[in-house]
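Worksheet: one structure, shown below.
The values are calculated or read from the model by the stated rules, or taken from the named source; none is laboratory data. Remember, it's a predicted structure, so these values are computed and weren't measured experimentally. Don't worry about glycine lacking a Cβ; one is built from the backbone with ideal geometry, like all the others, and counts go over all protein chains shown. Only protein heavy atoms, including side chains, enter the accessible area calculation; ligands, DNA and RNA are left aside. Shrake-Rupley method; radii C 1.70, N 1.55, O 1.52, S 1.80 Å.
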Amino acid sequence: MFFDLKKEDVLMQVREKLRDDKIKLWLDPYYDQTKGPVNDELKRLAESFSASLKIDLDSCLEVLTELQESSLENLKQNTRYKESGLATLKIKVLHHQSPPKIIRKELLLTLKASDLKSLIMQDITVPDNGLKLISSGKVLADNESLLNQGVKHGNMILAIVVGDSQNEMKESEDQIKELEGIKSDSRLLASDDKYIELEDQFGNIVRMPPAEKEALVIAMTLQKKGEVAMKKGDYSRALVMFLEADQEYKQCNSKWLAAVDNYGLLDLDIAWCYLCLQSVSNLPDAQERLKRCEEVFNRTYGRNFERVNAVKGYSGNEEALVMRLHLLQAVLLYHQNKRNEALRMFHVTEHELNGLKIDEHSIVHLLELGYTLDESKRALRATKGNVGQSVQYITDMKEQEKRVKAKALLDKERKKLGLCADGKQYVEPNYLEILVDMGYDREAARIALQKNNNIITNSVQYIQDNPMPGPSASGHSDVVVQHDLEDIVESLLPQLVAVGFTAEMATLALYKHGGNIYKAAEDLLNNNGIIDAESAGINLEEVARKKAKTEESDENDPKNEAYNRLVTDMNVEEDLDLSLQQEEQMLKMFLELLQK
């Protein structure tokens, strides 16, 4: 993944030395306007630099020659730009399955970004609209001029290629459509709390204006999709997703961004993608992003993770994120040729990384106890390698997951039952079950609780004073007719699936408990989401037939279709790559350069 830094290291030191000594390689004595490069003078300069910088002579001469050629070419380009208005742009073409490629284009900055794409496509094989252009940390809009989007003569543009070979065309076309599809699906679901509800880092529901909620939902969905791509090593696609998310976040009030706490992580991920894509030209953007990220982490986690530990009781994942932040800050210092400061920051990162390493024997021990590899690694990191505490940690996390699922289910059911007369609270499902168990008709009980603001004694009196027409309210039975049960299962199934249970197990649980969603959920939670159909006396073939009927009825629901598209492949763990191999490899590479 990472490139050979040795030549880049020489280039950076030589360039800095030229700047400090005010040496101009395109002027006498190093360049003669009639004869060209003065090789003897370049060699003498290389010998001087080699001695003072302790750099290999051949490498030093090679870099000086390249810098001279680059300077002369830049002078020509600047002259043409002043005389004709034709700007020169360097385009770095990136595709996750092939090495980066640099091409140059001369054009008028009044051209649209779509025109630049057409020019680039003369040099590479790309399907229509198969490019995303990135400049100064933002995706360029096709229909706006380059000038209006801040592109300047001499800029480096990143050209992200989705696919560049014939057998990738179909996949490429699908991925090109993916971005707009994500936005469209998110926009459709943003207004429906049944599908998407926003919470802050403490689990509180975030209420915000519809337009801002839409932008925030789109941003968070794009960010999650970017995380999926980054996990797979597709940094170019991830960067496009992240930068598109960044544009959506900017449409939101800053107080909402602080509440949901995703914006700082986005800045970190964008900077990480820049580094993995070897995009040194984006370092100014990365520097600003890392600064914002550090501010968010200090505010949210506490400088010593005290806030995280107070809320969660552990800080392993947050410590890994801060370690990655410090690693990126060290790399940034290195590329600014602040070598001593960079070395100190790399040592800080090394210390943090060593503290996050996990003993293999401890992992094996937890695996032997029946825990998964991810559970074991996450627990050991959170507890600083203490096996006993790790077992308790895993147990606590599973209990917390149950509580989160139960809370989500309860909140959805409250909204379904409706607001009370005071307009401040929803009908409480647990109170409704109490009245039903007392023998009252479900709908009569719901209306009574609604009218009486969840006060059970007043609700009982209301039912008696206002009997509903039809079957006796006091003769209620828990037995549900089969036809009605199918309808109930069909209506309740999405709620159980939405909180993380499989459709098959949720269906079995609902049939097992006669459509009672609370008993079904409790059964699923207590048995790790598994229902034994045989012991429950359930006919699996009949359930499959009914499940197929339910799925068929959902096929034409555009919101269900949108939701299913969005959640595909989004079950990415919140943690960084638990091995932290990329960070360790990068750290080792830079330390070797600086400590040689």
Considering only the stretch 12-19, I want to know if a residue exists there that is modelled with pLDDT under 90 and not aromatic (F, W, Y). yes
Of the numbered conditions (1) surrounded by fewer than 13 Cβ atoms within 10 Å (Cβ to Cβ); (2) within 30 Å of I434 (Cβ to Cβ); (3) at pLDDT 75 or above; (4) not hydroxyl-bearing (S, T, Y), L510 satisfies every one except a single condition; which is it? (1)
Kindly indicate whether A51 is in contact (Cβ under 8 Å) with a residue 24 or more places away in the chain and of a type in the set (G, A, S). no
Out of the residues in the stretch 376-429 meeting the condition of being of a type in the set (G, A, S) and under 25 Å from the mean Cα position of the chain (by Cα), tell me which one is farthest from L356 (Cα to Cα). A408
Could you tell me how many of the residues in the stretch 92-117 are more than 15 Å from S145 (Cβ to Cβ), assigned to a strand (DSSP E or B) and out of contact with any strand residue (DSSP E or B) (no Cβ under 6 Å at 6 or more places or on another chain)? 2
Just to check your reading of the model, which residue among T502, T568 is modelled with pLDDT under 70 and closer than 28 Å to K225 by Cα? T568
Residue list for the stretch 42-61, restricted to those being more than 15 Å from D20 (Cα to Cα) and open to solvent by 50 Å² or more (accessible area, probe 1.4 Å): K43, R44, E47, A51, K54, D56, L57, D58, L61
Output the residues belonging to the stretch 77-103 that are among the small types (G, A, S) and without any contact (Cβ under 8 Å) to a residue 40 or more places away in the chain. S84, G85
Please give the helices (runs of 4 or more DSSP H) falling wholly within the stretch 406-493 in which 2 or more residues are modelled with pLDDT of 85 or more and open to solvent by 70 Å² or more (accessible area, probe 1.4 Å). 442-451, 456-465
State whether one or more residues within the stretch 385-407 are within 25 Å of G529 (Cβ to Cβ) and in contact with a strand residue (DSSP E or B) (Cβ under 6 Å, 6 or more places away or on another chain). no
Given the condition in contact (Cβ under 8 Å) with a residue 60 or more places away in the chain and either within 30 Å of M586 (Cβ to Cβ) or surrounded by 13 or more Cβ atoms within 10 Å (Cβ to Cβ) (or both), answer yes or no: does some residue in the stretch 64-76 qualify? yes
Restrict the check to the stretch 189-204 and report whether at least one residue is part of a helix (DSSP H, G or I), crowded, with 16+ Cβ neighbours inside 10 Å and modelled with pLDDT under 80. yes
Just name the residue that is modelled with the lowest pLDDT out of those in the stretch 122-147 that are aliphatic (A, V, I, L, M) and closer than 23 Å to A238 by Cβ. V126
Just wondering, is there one or more residues in the stretch 63-70 that are in contact with a helix residue (DSSP H, G or I) (Cβ under 6 Å, 6 or more places away or on another chain) and on the phi < 0 side of the Ramachandran plot? yes
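Residues checked against (1) in a loop (DSSP other than H, G, I, E, B); (2) within 14 Å of T88 (Cα to Cα); (3) of a type in the set (D, E, K, R); (4) within 27 Å of the chain's Cα centre (by Cα):
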site	(1), (2), (3), (4)
L119	no, yes, no, no
D123	yes, no, yes, no
L133	no, no, no, yes
A141	yes, no, no, yes
K152	yes, yes, yes, no
I157	no, yes, no, yes
I160	no, no, no, yes
Please enumerate the residues belonging to the stretch 1-53 that are of a type in the set (A, V, I, L, M, F, W, C), farther than 30 Å from S98 by Cα and either in a helix (DSSP H, G or I) or touching a Ser or Thr at 6+ places or on another chain (Cβ under 7 Å) (or both). L18, L25, W26, L42, L45, A46, F49, A51, L53
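Residues checked against (1) in contact with a strand residue (DSSP E or B) (Cβ under 7 Å, 6 or more places away or on another chain); (2) outside any helix (DSSP H, G or I):
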position: I55; (1), (2): no, yes
position: S59; (1), (2): no, no
position: L64; (1), (2): no, no
position: K90; (1), (2): yes, yes
Across the stretch 84-108, what is the total count of residues that are charged (D, E, K, R), under 18 Å from L239 (Cβ atoms) and at pLDDT 85 or above? 2
Kindly indicate whether R381 is under 30 Å from L5 (Cβ atoms) and out of contact with any Pro (no Cβ under 7 Å at 6 or more places or on another chain). yes
